[in-house]
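The values are calculated or read from the model by the stated rules, or taken from the named source; none is laboratory data. In this text the structure is predicted, and so the values were computed from the model without any measurement. With ideal geometry, Cβ positions are generated from the backbone for all residues, glycine too; neighbour counts draw on all protein chains shown. Heads up: the accessible areas ignore ligands, DNA and RNA and are worked out on the full protein's heavy atoms, side chains in. Shrake-Rupley method; radii C 1.70, N 1.55, O 1.52, S 1.80 Å.
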Amino acid sequence: MRTAYSVETVRAAERELMARLAEGALMQRAAAGLAAACADLLGRVYGSRVVLLVGSGDNGGDALYAGARLARRGAGVTAVLLVPERTHGAGLAALRRAGGTVAGSGAAEELILRADLVVDGIVGIGGKGGLRPEAVPLAEYAADSRAAVVAVDLPSGIEADTGEVRGTAVRADLTVTFGTHKPGLLIDPGREYAGSVRLVDIGLELPEEAELEALQHVDVAARLPVPGAESDKYRRGVVGIAAGSARYPGAAVLAVSGALRGGAGAVRYVGPAADAVISRFPETLVSDQGPARAGRVQAWVVGPGVGDDASAVAQVLEADVPVLVDADGLRLADRSAVRARTAPTLMTPHAGEAAALLGVSRESVEGARLASARELALRYGATVLLKGSTTLVADPGGGAVRVNPTGTAWLATAGSGDVLSGLTGSLLAAGLSALDAGSVGAYLHGLAGRFAADGAPLGAHDVAAAIPEAWRDVRDTLR
């Protein structure tokens with residue numbers, strides 16, 4: 001499992017480690033890893049042109065020491081000093097001894113435009129509020145150049161704990177981060193600026209509980225429900241789907257399509273789109289009696305395409321089983337009814353729906369995804385799966401937030417969320433916790449989207465059809 005820790009936690013671990021090491025040893029470890037990553041990216045170090053963008057913090061020192069290592073291998077290295085009087089002295093001396101040169105910011109544009117590699121050491125992980133005005137042109141020059149851009153620890157201008165970007169930020173091709181991932185490298189909009197991320201182990205001892213977790217194939221495989229020899233369809237779990245309307249029958253069909261591939265033994269549909277569902281999926285159990293009288297289920301999904309059917313939402317929320325609330329259900333669900341539930345509740349809004357529930361703008365949610373997911377989980381006393389370019393899953397009791405590493409921009413298509421709801425609801429019915437069902441569902445859904453798209457447009461039905469392929473791909477890691 002990939003983990004990320006807050007700046008405060010990282011700083012504490014660094015202080016503890018530095019107390020046991022010789023002075024400067026920790027920075028040398030970081031610089032060695034940074035230089036190796038830069039060399040790998042360059043391919044041929046000798047004769048290459050490298051520009052270091054050096055701020056006043058330790059990131060600037062890391063860049064200078066790494067630049068000295070590259071200079072000793074024959075690279076032409078020039079350091080652009082943003083604050084000369086506060087530059088890391090020992091690092092600057094090491095660069096000069098290795099044959100590197102120094103330039104002021106006035107020469108930066110020409111140097112960057114001619115460079116093969118630009119190393120961003122402007123701001124460290126403690127930076128807040130975006131780039132200072134004097135650093136903005138450097139980020140713009142780097143973006144306009146043909147040079148590869150490597151960020152030290154994280155791209156300057158990104159807030160390490162949140163991924164928020166306030167104004168201009170450096171856009172990296174590669175970020176070399178030290179000790180652990182930082183949340184801003186895994187959460188958009190910051191993740192978009194980080195490029196590929198390479199983690200360099202510098203020996204930090206970190207707490208067991210992280211700020212963020214990102215499941216990998218092996219983690220998902222360990223959580224997938226697998227039937228045993230004595231399983232039948234009821235023991236595997238039955239998921240109820242209360243979705244669709246005369247206007248939106250397709251939402252019901254798509255939610256059922258995801259549910260049928262999510263690990264539960266049976267899918268029970270309730271709603272006005274029964275004919276459409278049965279014609280497409282004859283194995284579905286259907287009822288026209290409403291959720292309260294539909295028969296036994298181990299979990300419910302309510303909301304996709306229900307329109308204004310508040311009664312169906314209210315009945316589902318009264319059920320003493322795990323419930324997933326999506327789409328129209330989010331608008332119709334009474335917050336006090338959600339908070340009063342004793343069984344788990346999983347809410348799956350996109351940014352616009354989350355904004356409406358929080359009473360803020362969509363831009364506010366998209367710019368502060370981590371804080372928004374946590375706040376929504378706290379207000380409703382529910383697990384929240386915040387969909388988007390970075391899908392997050394937050395529990396109401398706190399703890400590490402899960403961030404989904406799979407997906408593709410092609411998943412931004414009508415009905416994709418309905419498939420995710422059905423898939424995730426099925427995992428709930430199969431016995432997964434709300435946190436695991438949300439993060440496993442998002443992982444499989446994203447992976448299925450990649451397989452179905454393969455670089456081309458797709459429809460939501462294509463995503464559902466690719467879920468078994470994603471499931472098998474994940475399970476193969478256990479062989």
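Structure above, values below:
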{"read-out": "Strands (runs of 3 or more DSSP E) lying entirely in the range 171-245 (those with 3 or more residues that are under 21 Å from Asp58 (Cα atoms), open to solvent by 50 Å² or more (accessible area, probe 1.4 Å) and at pLDDT 95 or above)", "value": "196-200"}
{"read-out": "Single residue of Ala337, Ala314, Ala292, Ala276 found to be under 17 Å from Thr383 (Cα atoms), open to solvent by 20 Å² or more (accessible area, probe 1.4 Å) and part of a helix (DSSP H, G or I)", "value": "Ala337"}
{"read-out": "Only one of Val301, Val306 that is outside any strand (DSSP E or B) and either in contact (Cβ under 8 Å) with a residue 40 or more places away in the chain or in contact with a Gly (Cβ under 7 Å, 6 or more places away or on another chain) (or both)", "value": "Val306"}
{"read-out": "Residue ID - farthest from Leu427 (Cα to Cα), chosen from residues in the range 214-235 that are of a type outside the set (A, V, I, L, M) and touching a helix residue (DSSP H, G or I) at 6+ places or on another chain (Cβ under 8 Å)", "value": "His217"}
{"read-out": "Qualifying residue in the range 413-422 (condition: crowded, with 24+ Cβ neighbours inside 10 Å, closer than 24 Å to Pro183 by Cβ, at pLDDT 95 or above and hydrophobic (A, V, I, L, M, F, W, C))", "value": "yes"}
{"read-out": "Out of Gly124, Gly157, Gly163, sole residue that is of a type outside the set (Lys, Arg), more than 30 Å from Gly106 (Cβ to Cβ), touching a helix residue (DSSP H, G or I) at 6+ places or on another chain (Cβ under 7 Å) and open to solvent by less than 30 Å² (accessible area, probe 1.4 Å)", "value": "Gly163"}
{"read-out": "Hits in the range 295-308 (condition: on the phi > 0 side of the Ramachandran plot and crowded, with 24+ Cβ neighbours inside 10 Å)", "value": "Gly303, Gly305"}
{"read-out": "Residues within the range 98-154 that are over 21 Å from Asp58 (Cβ atoms), outside any loop (DSSP other than H, G, I, E, B) and either touching a His at 6+ places or on another chain (Cβ under 9 Å) or charged (D, E, K, R) (or both), tallied", "value": "5"}
{"read-out": "Within the range 400-479, helices (runs of 4 or more DSSP H) holding 1 or more residues that are over 23 Å from Arg268 (Cβ atoms) and in contact with a Phe, Trp or Tyr (Cβ under 8 Å, 6 or more places away or on another chain)", "value": "434-453, 460-475"}
{"read-out": "Given (1) modelled with pLDDT under 95; (2) surrounded by 24 or more Cβ atoms within 10 Å (Cβ to Cβ), index of the condition His445 fails", "value": "(1)"}
{"read-out": "Criterion (farther than 21 Å from Asp188 by Cβ and aliphatic (A, V, I, L, M)) met by exactly one of Val403, Val419", "value": "Val419"}
{"read-out": "Subset of the range 49-67 that is part of a loop (DSSP other than H, G, I, E, B) and open to solvent by 10 Å² or more (accessible area, probe 1.4 Å) - its residue that is modelled with the highest pLDDT", "value": "Ser56"}
{"read-out": "Residue in the range 453-479 that is nearest to Phe281 (Cα to Cα), counting only those that are without any contact (Cβ under 8 Å) to a residue 40 or more places away in the chain and open to solvent by less than 30 Å² (accessible area, probe 1.4 Å)", "value": "Ala466"}
{"read-out": "Residue match in the range 357-373 (condition: in contact with a Phe, Trp or Tyr (Cβ under 9 Å, 6 or more places away or on another chain), open to solvent by less than 20 Å² (accessible area, probe 1.4 Å) and among the hydroxyl-bearing types (Ser, Thr, Tyr))", "value": "no"}
{"read-out": "Any hit, the range 201-210, residues being within 25 Å of Asp326 (Cα to Cα), in contact with a helix residue (DSSP H, G or I) (Cβ under 8 Å, 6 or more places away or on another chain), touching a residue at least 40 places away in the same chain (Cβ under 8 Å) and hydrophobic (A, V, I, L, M, F, W, C)", "value": "no"}
{"read-out": "Answer residue from the range 246-267, given it is surrounded by 21 or more Cβ atoms within 10 Å (Cβ to Cβ) and more than 29 Å from the chain's Cα centre (by Cα) and is farthest from Leu444 (Cα to Cα) among those", "value": "Tyr248"}
{"read-out": "Options Leu113, Leu21, Leu70; residue that is crowded, with 23+ Cβ neighbours inside 10 Å and farther than 19 Å from Leu199 by Cα", "value": "Leu70"}
